[in-house]
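Visitor: Here it is: the structure, laid out below.
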Amino acid sequence: MALAAAAGLRTALAPWVAWPAWLAGILPVLAGVLALQLLLGSGRPQLVPVLVVGTATLGLALLPMGASALLHLAAGLAVLLGTAAAAMSVRHHPALQLPAPTGTYIVGSSLLEPAVPGGPAIQIWHPAAKPAGVLMPYRAEAGKAASWHAPAAATAAWLDAPPASGGPFPVVIYLPGWGGNRQQNTALLQDIASHGYAVVAADPWNGGTADPTGTADLVAPLDLSSAPAFERTLEVGRRNAKRQARHAGMILDSLIAQVAAGHPISAVANTRRAALLGYSFGGAGAVETAATDSRFRAVVNLDGWVFTDAYDRGIRQPYILLSSDAPPPSSEDLRATEPLRRHTAELTTWDLQGLCANLVRHGGWFATVRGSSHEDFSDAPWTMPWPLFKGHDAERHRWHVIRETVVQFLDLHLAERQMTTSAVPASPELVIEAWSPAGDATSSNQCGVSAAMRPGERHAIR
């Protein structure tokens with residue numbers, strides 16, 4: 001980029017400034033280097049401006065020195081502007097690079113048969129014995145193209161790598177968000193696997209013709225912009241959460257059957273120790289699953305509303321909700337004339353009331369990640385375009401806080417591993433409120449902080 005800028009400057013000022021002869025000779029070499037860079041980065045649209053600059057630079061290399069001053073000036077300025085555009089494109093849309101897993105295990109990943117005939121394929125991330133073959137692409141399924149600024153790139157999981165010794169490992173079933181897919185939290189899932197877990201995920205299931213929820217369109221957008229749209233969203237959310245719960249149970253059933261049949265997965269998956277992890281709407285599916293299926297020992301909800309009455313029925317397993325740093329709705333929000341603001345406040349209030357009642361009766365943890373947004377609980381800090389003139393350091397730091405909290409919770413409540421203070425570094429962004437089970441639904445305990453953690457403290461989540 002610097003050489004291209006120098007070439008543009010040289011061309012623009014050529015009629016008035018004497019330049020070294022070697023500078024003209026280096027222009028074709030520069031153009032070749034830029035073209036080679038584009039070829040090596042094939043499939044990365046953010047490098048298109050680089051090709052434009054390279055082509056223009058090659059043209060300038062052939063521009064006769066005797067050309068008019070106006071032509072030199074116009075061509076030189078064009079290359080300078082193109083160089084700036086290319087630099088901003090690559091800066092704003094960097095090539096995808098997920099964080100390296102932090103656990104002690106190498107990670108392997110494979111695709112398994114669907115849990116239900118005609119259903120979506122299942123992907124598993126697991127501790128691996130050694131690297132093998134190639135790394136799993138970020139988008140592992142045809143038709144699931146990545147964002148244009150984050151084209152197909154390798155993850156840290158080795159495709160079909162042999163399982164590590166020491167298994168089978170506790171199972172974590174991941175449920176994606178509204179309109180999401182199984183890869184939207186790849187960074188977190190492969191990191192959890194590196195800590196000694198078999199992490200399983202599938203794309204949303206359409207229910208099939210035998211689905212008791214019927215075959216109505218359940219792919220509607222999450223729309224709170226009007227009263228009719230709000231009612232439709234609540235109904236679609238309720239039905240889809242129940243559908244996710246059935247699919248999660250089917251996935252566990254499928255894993256149990258494969259283990260019983262001596263499938264190679266038996267060296268990886270300990271189906272007697274299973275937990276649920278859901279992001280956004282997947283949190284609703286995880287909570288609904290836990291309310292109906294006692295085989296799951298722990299539940300992690302990553303900033304998700306719960307659309308069903310699962311809180312009323314009770315989540316008796318160890319449960320943690322990690323939430324973004326949004327203030328609770330005010331009375332002004334609930335009375336707002338603007339539908340989106342009012343319906344968002346209504347849904348949030350209803351959800352917090354259900355959470356409160358469940359925490360008082362059955363205990364659990366409510367963690368707030370200060371400064372976070374909803375997208376920080378997904379791969380977004382690693383895949384979305386960078387804001388101009390700043391990076392994603394703050395978002396990525398908060399992502400690591402979320403990752404550490406999830407792994408610690410699973411270590412304590414699924415794997416039942418003993419934690420040490422050194423394994424739980426302080427983080428001023430994390431505040432956790434904890435409740436002990438009251439023992440009955442008529443407890444006089446109020447939904448408040450009974451064992452709050454002050455900012456900067458990272459005690460074990462017990």
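Visitor: Which one of these is touching a residue at least 12 places away in the same chain (Cβ under 8 Å) and more than 20 Å from the chain's Cα centre (by Cα): Leu322, Leu340, Leu276? Walk me through how you get there before you give the answer.
Guide: Values: Leu322 fails: more than 20 Å from the chain's Cα centre (by Cα); Leu276 fails: more than 20 Å from the chain's Cα centre (by Cα).
Of the residues listed, the single one that is touching a residue at least 12 places away in the same chain (Cβ under 8 Å) and more than 20 Å from the chain's Cα centre (by Cα) is Leu340.
Visitor: Could you please find all residues in region 419-442 being open to solvent by less than 30 Å² (accessible area, probe 1.4 Å), under 23 Å from Asn185 (Cβ atoms) and at pLDDT 85 or above?
Guide: Of everything in region 419-442, those that are open to solvent by less than 30 Å² (accessible area, probe 1.4 Å), under 23 Å from Asn185 (Cβ atoms) and at pLDDT 85 or above turn out to be Leu430, Val431, Ile432.
Visitor: Within region 348-404, work out how many residues are modelled with pLDDT of 90 or more, in a loop (DSSP other than H, G, I, E, B) and more than 16 Å from the chain's Cα centre (by Cα).
Guide: Selection size over region 348-404: 3.
Visitor: Looking at Arg341, Arg295, which one is under 20 Å from Phe230 (Cβ atoms) and among the basic types (Lys, Arg)? Give the steps one after another, and end with the answer.
Guide: On the way: Arg295 fails: under 20 Å from Phe230 (Cβ atoms).
Only one candidate passes the filter, namely Arg341.
Visitor: Which condition number does Trp125 fail, the rest of (1) aromatic (Phe, Trp, Tyr); (2) at pLDDT 80 or above; (3) farther than 26 Å from His400 by Cβ being met?
Guide: Trp125 satisfies all of (1) aromatic (Phe, Trp, Tyr); (2) at pLDDT 80 or above; (3) farther than 26 Å from His400 by Cβ except (3).
Visitor: I've got another one for you. Please verify whether Arg297 is open to solvent by 20 Å² or more (accessible area, probe 1.4 Å) and at pLDDT 95 or above, treating the condition exactly as stated.
Guide: Considered against the rule, which asks whether it is open to solvent by 20 Å² or more (accessible area, probe 1.4 Å) and at pLDDT 95 or above, Arg297 comes out as yes.
Visitor: If you check Ser331 against the conditions, is it out of contact with any helix residue (DSSP H, G or I) (no Cβ under 8 Å at 6 or more places or on another chain) and either closer than 28 Å to Ala394 by Cα or of a type in the set (Val, Ile, Thr) (or both)?
Guide: So Ser331 fails the test.
Visitor: For Asp333, only one of the following conditions fails: (1) assigned to a helix (DSSP H, G or I); (2) in contact (Cβ under 8 Å) with a residue 24 or more places away in the chain; (3) not β-branched (Val, Ile, Thr). What is its number?
Guide: (2)
Visitor: In region 246-289, which residues are open to solvent by less than 10 Å² (accessible area, probe 1.4 Å), closer than 30 Å to Pro221 by Cβ, in a helix (DSSP H, G or I) and of a type in the set (A, V, I, L, M)?
Guide: Answer for region 246-289, where residues must be open to solvent by less than 10 Å² (accessible area, probe 1.4 Å), closer than 30 Å to Pro221 by Cβ, in a helix (DSSP H, G or I) and of a type in the set (A, V, I, L, M): Ala248, Ile251, Leu252, Ala284, Ala286, Val287.
Visitor: Filtering region 336-347 down to residues that are part of a helix (DSSP H, G or I) and of a type in the set (D, E, K, R), which residue is surrounded by the most Cβ atoms within 10 Å (Cβ to Cβ)?
Guide: Looking at the filtered set, the residue picked out is Arg342.
Visitor: Turning to a different aspect of this structure: Scan region 352-381 and report the pairs whose first residue is hydrophobic (A, V, I, L, M, F, W, C) and whose second residue is open to solvent by 40 Å² or more (accessible area, probe 1.4 Å) and assigned to a helix (DSSP H, G or I), with Cβ atoms within less than 9 Å and a gap of 6+ or a chain change.
Guide: Hits for this filter: Ala357/Asp312; Ala380/His374.
Visitor: Determine which single condition Glu416 fails, assuming it passes every other condition in (1) modelled with pLDDT of 65 or more; (2) surrounded by 14 or more Cβ atoms within 10 Å (Cβ to Cβ); (3) part of a loop (DSSP other than H, G, I, E, B).
Guide: (2)
Visitor: Looking at Pro204, Pro221, Pro162, which is the one that is at pLDDT below 90, open to solvent by 40 Å² or more (accessible area, probe 1.4 Å), within 23 Å of Glu113 (Cβ to Cβ) and not acidic (Asp, Glu)?
Guide: Pro204
The values are calculated or read from the model by the stated rules, or taken from the named source; none is laboratory data. Fair warning: this is a prediction, and the values are worked out from it, not measured in the lab. Positions of Cβ are generated from backbone atoms using ideal geometry, with glycine treated the same way; all protein chains shown enter the neighbour counts. All accessible areas refer to the heavy atoms of the entire protein, side chains included, with ligands and DNA or RNA removed. Shrake-Rupley method; radii C 1.70, N 1.55, O 1.52, S 1.80 Å.
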